[in-house]
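The values are calculated or read from the model by the stated rules, or taken from the named source; none is laboratory data. Just so you know, these numbers come straight off a predicted model, no measurement behind them. Heads up, the Cβs are rebuilt from the backbone with ideal geometry, glycines too, and the neighbour counts pull from every protein chain shown. The accessibility values were calculated without ligands, DNA or RNA, using every heavy atom of the protein model including side chains. Shrake-Rupley method; radii C 1.70, N 1.55, O 1.52, S 1.80 Å.
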Amino acid sequence: MRIADRIPADFDLPSAITRSTHQDVENPSRQLPLLSPLLLLFFATGCAALIYEVVWFQLLQLVIGLGNVSLAVVLGTYMGGMCLGSLFVTRLVPRRFHPLRVYAMIELLIALCGVALLFLIPAIAEFYTEFMGRGLPSLLLRAFFAGICLLPPTVLMGATLPVLSRSVEHRHNAASWIGFFYTANIVGAVFGCLLAGFYLLRVFDSATAAYVAAGINTAVAIASVLLAIVIKPSAPAVEVALERPDASSEENRSALSPQTHFPIYLALGLSGMSALGAEVVWTRLLSLVLGGTVYTFSIVLAVFLLGLGLGSGLGSVWSRLMKRPSVAFSLCQALLAIAIGWSAYAIARSLPYWPVNPSISLSPWFNFQLDIARCLWAVLPAAILWGASFPLALAAIQSSQEDSAAAVGRLYAANTLGAIVGALLFTLVVIPVAGTHHAEQILIAIAALSGMLLLFSTDQTTEPHLPQFRPPRLIGACALIAISALLILNVSPAPWGLAAYGRFMATYGRRLAPFIVDEKDVPTNGGWPDIFCTYHGEGLNGTVAVTKWKSGQRSFHSAGKVQASNEAQDMRLQRMLGHISALVHEKPESVLVVACGAGVTAGSFVVHPEVKRIVICDIEPLVPKHVAPLFKQENYDVVNDPRTELVFDDGRHFVRTTKEKFDVITSDPIDPWVKGCAALNTVEYYQMCKEHLKPGGVMSLWIPLYESNSEATKTLIATFFQVFPNGILWSNELDGEGYDAVLFGQAEPTHIDVDALQERLDRPDHARVRQSLAEVGFRTAVSLLSTYAGRALDLREWMRNAQINTDKNLRLQYLAGMWFNSYVESDILDDITRYRKFPESVFVGTQGRREMLRMFFDQNVKNK
């Protein structure tokens, strides 16, 4: 006989359950000491989760690619696992199990997964490389690889909130307590984000960060087991109630079905969609305002999470005070439309014009404070409203007779599913197709739609949510539509000056002030030089622009700064990078150019008669398609040359997965302080390039001396020379002062026959090569080789304490990102050239030309 069959018919079972199991917690003052430790536990869980997220994303992108397609796959898998975990944990874990013991087991399993992935990802990377293809097979393999790695731990992470919610179900204000758990988790995530980005990964490496996170999980598990002794579960009594087969129970189960609250789930899903969509859009724009370093991304994410945490806390308090929490939820979504409009205005029309010059700061930590303030100004209002939505939605559906874990799991899954759709949709479709301007308009529309959906639904948890067309609601709906339409029509697009000059737009305000008047064609105004934008595009992986000045100077901009131009100094470097590589090699038939830019470096190979194949690999399709053709005079129209093949991929991923080998690999990526670019400067990447060189092959690399400091430059150069111990540094000086340089390496010792090189330039089939060099000031082989600045053998003492950039630590992006507002390029070059000696074993040939080269060399040393 079942227990329920022995209960008298007139026995009030729900009241008895409440008296027998919860009489000690009805008083809120007695609940606080009992439940407060759980808040601390969930804070620690959130901290560990964000450390893992940063580490796993970093490790996986090194394998499956740095582009936004790969990021979208990883993000979708990560959030998809959390969605599955929150949705199915209640079906897999019976309520008779103590929730804190289940929580402890989950935390231990997450710790095991976190440590295991440090070894699993490198182990299966070879499998991925071997079977990598192009097109749809490539996408499917990326998703498969990410799923193997991320689904087990993320499913466990998604299960934590529903499981822990069982420890407070049927207590006084249970929905509010669950909201506080959610708040603690997010606040912990803020701490974890800053801890990982500003300390663990900056000072140590990804393995150390993962071990710290695993240690946190383990400590949480131990604490949970100890707390389970004090906090008694109420699930057995509730199961008795659910076993009673009377009519009223059947009615309750019908009324509490998920279909009853479908508008709440849908609205929260739309809220998640707009939240992650906005994060994608605003992160891209704020990375231009602040500079796209790893620290900027950490700050933006931390501020966004902080807003979610504050909002969740306020929503949890609000849910205790509101009799109709669904009304408050509807108001949150309606206010979101206004908040998104504010953020769009702040990022496009406020922040770019703040009088901030980051280069005058003596410490990067001062700039970080300004960055935090600017992010708070733009992002915080909307983030608070998104954060408040979850606890209010939970309060709107919560019932004293439903399994809390099931309710929380469904709600969390709806929010996460919407976030997945938002992240993928805005990353892969909306921004590349419509741009950030229209993306923000769509975000306002989504928020308004969510508010409208709730406005026309009842807020009573025991009635189906059917449309209620009452006059007050119709008036509210009309007002919401009118306000949203007004906001959508008045969303300001980000000025193209932001794409061009980024964090220095305000600094260059006198020249760029006309942007406010006309964003496409700026006439002469008050003595300001003419400048207009010939191209501005927002692509899958970045925002680019091309500008033209009255003087005829054209510049290609990416990451909020000039990356290439037809100015003399830039042309000199771009031609050096190509011609030195091609001329030192005896017969350069196949060439790989990583990063197209203005196409000048790639175009340098067009004029060499020996070259039969040029592969240009660029992560952003807009650059070869729209930017390079605007420089076709300088790059010899390389993208339309029949020998050229365009590959749209990040250079590291292409080198990892291609089976082809090359005579020359030259790399001209954007600055090393830009997040992700350090992956193109690691020992492992250089080793992959070396393995893809044919015998006698050459690798060359552009490095900036500006926007850096000595420590970051040492790391960059020492890392390259560790793989190419016979490497050479060529300097592109500006009026005798430091500017940028070329790193050059061969697997074999480098010997340059000066006479043979000059004879090669004098041949009729090299006439275009001679002309190309003469255009940038190199009229002889000696003048080209006189840019020699040092070699690995001579710079050992200078590089003695340099930190080596590896896949595990990506040290360069943390060093360079810390000092990217520093301008000590001349001091850096002076330090390097103190060790410069004439390399007798490198330059060979007749005495006359060697002496002439030595004379140039001695003159350069004397000038220093």
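Kindly indicate the residue of the range 802-823 that is over 17 Å from Thr682 (Cα atoms) and assigned to a loop (DSSP other than H, G, I, E, B) and also most open to solvent (accessible area, probe 1.4 Å) among those meeting that condition. Per the criteria, the residue is Trp819. For Leu66, the criteria (1) surrounded by fewer than 24 Cβ atoms within 10 Å (Cβ to Cβ); (2) out of contact with any Lys or Arg (no Cβ under 9 Å at 6 or more places or on another chain) hold in every case but one, which is (2).
Beta carbons closer than 6 Å, at least 6 apart along the sequence or on distinct chains, pair a first residue in the range 332-352 that is part of a helix (DSSP H, G or I) with a second that is of a type in the set (Asp, Glu) for Ala344/Glu440.
Here the condition is being in contact (Cβ under 8 Å) with a residue 60 or more places away in the chain, outside any helix (DSSP H, G or I) and acidic (Asp, Glu); of Asp755, Asp740, it holds for Asp740 alone. Looking across the range 103-118, the residues that are more than 23 Å from the chain's Cα centre (by Cα) and surrounded by fewer than 22 Cβ atoms within 10 Å (Cβ to Cβ) come down to Met105, Leu108, Leu109, Leu112, Ala116. For the range 825-860, the set of residues classified as farther than 12 Å from Asp794 by Cβ, open to solvent by 80 Å² or more (accessible area, probe 1.4 Å) and modelled with pLDDT of 85 or more consists of Asp827, Met852, listed by residue number. Every condition in (1) over 30 Å from the mean Cα position of the chain (by Cα); (2) open to solvent by 20 Å² or more (accessible area, probe 1.4 Å); (3) modelled with pLDDT of 80 or more is met by Val517 except one, and the failing one is (3).
If I ask for residues that are among the polar types (S, T, N, Q) and open to solvent by less than 10 Å² (accessible area, probe 1.4 Å), which ones from the range 69-89 would you list? Listed by number, the residues that qualify are Ser70, Ser86.
All of Ala214, Ala146, Ala196 fail the test of being surrounded by 23 or more Cβ atoms within 10 Å (Cβ to Cβ), touching a Ser or Thr at 6+ places or on another chain (Cβ under 7 Å) and either in a helix (DSSP H, G or I) or not polar (S, T, N, Q) (or both), apart from Ala146. A search for C-beta distances below 7 Å between a residue of the range 354-375 that is within 16 Å of Gly817 (Cα to Cα) and any residue that is at pLDDT 90 or above and open to solvent by 50 Å² or more (accessible area, probe 1.4 Å), counting only pairs 6+ apart in sequence or on different chains, returns Ser359/Tyr823; Pro364/Trp819. On the stretch given as the range 314-325, residues that are in a helix (DSSP H, G or I) and open to solvent by 10 Å² or more (accessible area, probe 1.4 Å) total 7. Whether any residue in the range 356-368 is surrounded by 17 or more Cβ atoms within 10 Å (Cβ to Cβ), at pLDDT below 95 and more than 21 Å from the chain's Cα centre (by Cα) is what I want to check. So far as the range 356-368 goes, yes, one or more of its residues are surrounded by 17 or more Cβ atoms within 10 Å (Cβ to Cβ), at pLDDT below 95 and more than 21 Å from the chain's Cα centre (by Cα).
The strands (runs of 3 or more DSSP E) falling completely within the range 567-660 that include 3 or more residues that are farther than 21 Å from Gly539 by Cβ map to 590-594. Examine the range 76-88 for a residue that is closer than 20 Å to Gly676 by Cβ, touching a Leu at 6+ places or on another chain (Cβ under 9 Å) and not in a helix (DSSP H, G or I), and state whether such a residue exists. No, that holds for no residue. Only residues that are surrounded by fewer than 24 Cβ atoms within 10 Å (Cβ to Cβ) and in contact with a Cys (Cβ under 7 Å, 6 or more places away or on another chain) were counted in the range 692-728, giving 0.
Among the conditions (1) in contact (Cβ under 8 Å) with a residue 60 or more places away in the chain; (2) in contact with a strand residue (DSSP E or B) (Cβ under 9 Å, 6 or more places away or on another chain), the only one that Ile616 does not satisfy is (1). Before we move on, is Asn525 open to solvent by 10 Å² or more (accessible area, probe 1.4 Å), modelled with pLDDT of 85 or more, farther than 22 Å from Glu775 by Cα and over 23 Å from the mean Cα position of the chain (by Cα)? When the stated conditions are applied, Asn525 does not pass them.
Tallying residues that are among the polar types (S, T, N, Q) and within 14 Å of Leu394 (Cα to Cα) within the range 292-322 yields 3.
Screening the candidates Val408, Val430, Val421 for the property of being β-branched (Val, Ile, Thr) and either over 23 Å from the mean Cα position of the chain (by Cα) or not in a helix (DSSP H, G or I) (or both) yields one hit, Val408. Within the range 280-313, which residues are within 18 Å of Ala494 (Cα to Cα), of a type outside the set (A, V, I, L, M) and surrounded by 24 or more Cβ atoms within 10 Å (Cβ to Cβ)? Trp282, Gly291, Gly292, listed by residue number. Residues that are within 23 Å of Arg652 (Cα to Cα) and open to solvent by less than 50 Å² (accessible area, probe 1.4 Å) do not occur anywhere in the range 776-786. Residues of the range 90-99 that are of a type in the set (D, E, K, R) and open to solvent by less than 30 Å² (accessible area, probe 1.4 Å): Arg95 alone. Selection of the range 616-638 for residues being hydrophobic (A, V, I, L, M, F, W, C), farther than 25 Å from Gln61 by Cα and surrounded by 24 or more Cβ atoms within 10 Å (Cβ to Cβ) yields Val627, Ala628, Phe631, Val638.
Residues in the range 557-566 that are assigned to a strand (DSSP E or B), open to solvent by 10 Å² or more (accessible area, probe 1.4 Å) and either at pLDDT 95 or above or in contact with a Ser or Thr (Cβ under 9 Å, 6 or more places away or on another chain) (or both): Ser558, Val562, Gln563.
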